[in-house]
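*Asks:* This is the structure I have questions about; it appears just below.
The values are calculated or read from the model by the stated rules, or taken from the named source; none is laboratory data. Note that this is a predicted model, so its numbers are computed, not measured. Cβ sites come from the backbone with ideal geometry, for glycine too, and all protein chains shown count toward neighbours.
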């Protein structure tokens with residue numbers, strides 16, 4: 001887990017998509033793709049991703065690694081960090097809201113800008129199936145930073161994402177984001 005990874009914020013990102021899905025659970029593979037695409041959208045709009053975490057190329061496309069571990073239930077309950085407050089345990093390859101009464105007002109970790117990026121992603125991709133999203137993210141025209149890892153996984157750097165999205169000076173922009181994420185983590189610890 002990266003130092004500034006925020007499980008509560010990651011859970012709220014997926015909860016946003018479940019709320020937009022009329023409160024119904026979302027296929028886990030679809031949720032994983034939407035989270036990755038949301039980070040891309042946030043970079044395209046504002047120059048930084050929603051979440052600070054490692055991203056990897058996997059056989060079924062790009063994945064936010066730590067969020068994927070949470071979805072799979074591979075994080076011990078004592079490290080939950082607020083995840084279970086928003087999302088239920090994975091069931092039948094789906095992930096849903098922990099409480100059906102959750103609404104957009106409950107998503108207090110997400111800024112207005114991040115909510116706009118999520119809204120854009122839902123508008124563009126919300127009606128696609130998980131397999132349509134896999135096909136979309138496998139296309140170098142759509143997600144040029146992903147490369148087939150041939151049955152394994154490989155890191156997708158923030159610099160590669162930023163560069164693929166046309167961010168000027170991607171190396172410096174990525175370092176600036178990491179620096180701000182570290183400062184934010186430090187301030188949360190005070």
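*Asks:* Suppose the filter is over 12 Å from the mean Cα position of the chain (by Cα), without any contact (Cβ under 8 Å) to a residue 60 or more places away in the chain and at positive phi; does residue 101 pass it?
*Replies:* no
*Asks:* Okay, next question. How about segment 97-190: which helices (runs of 4 or more DSSP H) wholly inside it have at least 3 residues that are modelled with pLDDT of 95 or more and out of contact with any strand residue (DSSP E or B) (no Cβ under 8 Å at 6 or more places or on another chain)?
*Replies:* Of the helices (runs of 4 or more DSSP H) lying wholly inside segment 97-190, those with at least 3 residues that are modelled with pLDDT of 95 or more and out of contact with any strand residue (DSSP E or B) (no Cβ under 8 Å at 6 or more places or on another chain) span 112-125, 130-138.
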